[in-house]
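What follows is a single structure, written as structure tokens, with notes after it.
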Amino acid sequence: MRARTGHQVLQDRLVFAARREWDSSGGLLTDTQNAQLCKSDRGWTTWGKPEGRAGASYDAPHRRRRDYHCDACLTLALRFEPPETVPDLDAVAAALDRPARPLFIGRKPCLPSAPLAHGFVPAPTAYDALRNVPEVAPDKEGGSRGLRALWPLGEGPSDGDMVHAIVDLPDLRNWRTGLHGGTRTVVEGRIEPLGATP
């Protein structure tokens, strides 16, 4: 139960913004996953330890299809509110550098291909932090394309040419029940990194 409470507190403190560095040259990949699950099978859980199955074995494989964006490159800026509460950004960066078990992005077959933490960028908002990070792959003329991004409402502009929509992002989880726990309001738009040539 302590791990669930810790995850809930961490999620409740998280403020983040994200931008897509380039459009995926690999396009979408549809992966068909097959798993034969038996009563004695054990697997890693969110709680940090292997967990067994209480149900019966399945007579047939469990099949599902999942779409993946190939070769996507994203930049993420995050902070915690309040910042002085444990864990802080240093502790999270250390955990990303030396994880207790394999990390995955979204789904277990999506392992990161490089270290996830790349340092700190001082900024008053998550939106400004994304603007302060240089573009990973500017276009051949050296100018910015304007990068697709999202940021929390109130952390950056909410109208103008670079704003496309204000939406409720359904990404919150109720860690006590393990079910969907609600939404947070974000702005979808484009970001011009500082120093980029328009």
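The values are calculated or read from the model by the stated rules, or taken from the named source; none is laboratory data. These numbers were taken from a predicted model, which means no experiment stands behind them. In this analysis, Cβ positions are derived from the backbone assuming ideal geometry, glycine residues included, and neighbour counts consider all displayed protein chains.
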Item to check | Residue check, ALA54 at pLDDT below 80 and either assigned to a loop (DSSP other than H, G, I, E, B) or surrounded by 12 or more Cβ atoms within 10 Å (Cβ to Cβ) (or both) | outcome: yes
Checklist entry - So is HIS164 assigned by TED's automatic domain parsing to the domain that holds PHE16 and either modelled with pLDDT of 90 or more or aliphatic (A, V, I, L, M) (or both) or not? => result yes
Next on the checklist: Going by what's in this entry, would LEU194 be described as on the phi < 0 side of the Ramachandran plot and modelled with pLDDT of 90 or more?
Outcome noted: no
Item to check | the range 95-131, residues that are more than 15 Å from the chain's Cα centre (by Cα) and of a type in the set (Val, Ile, Thr) | outcome: VAL121, THR125
Next on the checklist: Given the options LEU172, LEU150, name the one that is in contact with a strand residue (DSSP E or B) (Cβ under 6 Å, 6 or more places away or on another chain), farther than 22 Å from THR5 by Cβ and either touching a residue at least 12 places away in the same chain (Cβ under 8 Å) or assigned to a strand (DSSP E or B) (or both).
Outcome noted: LEU150
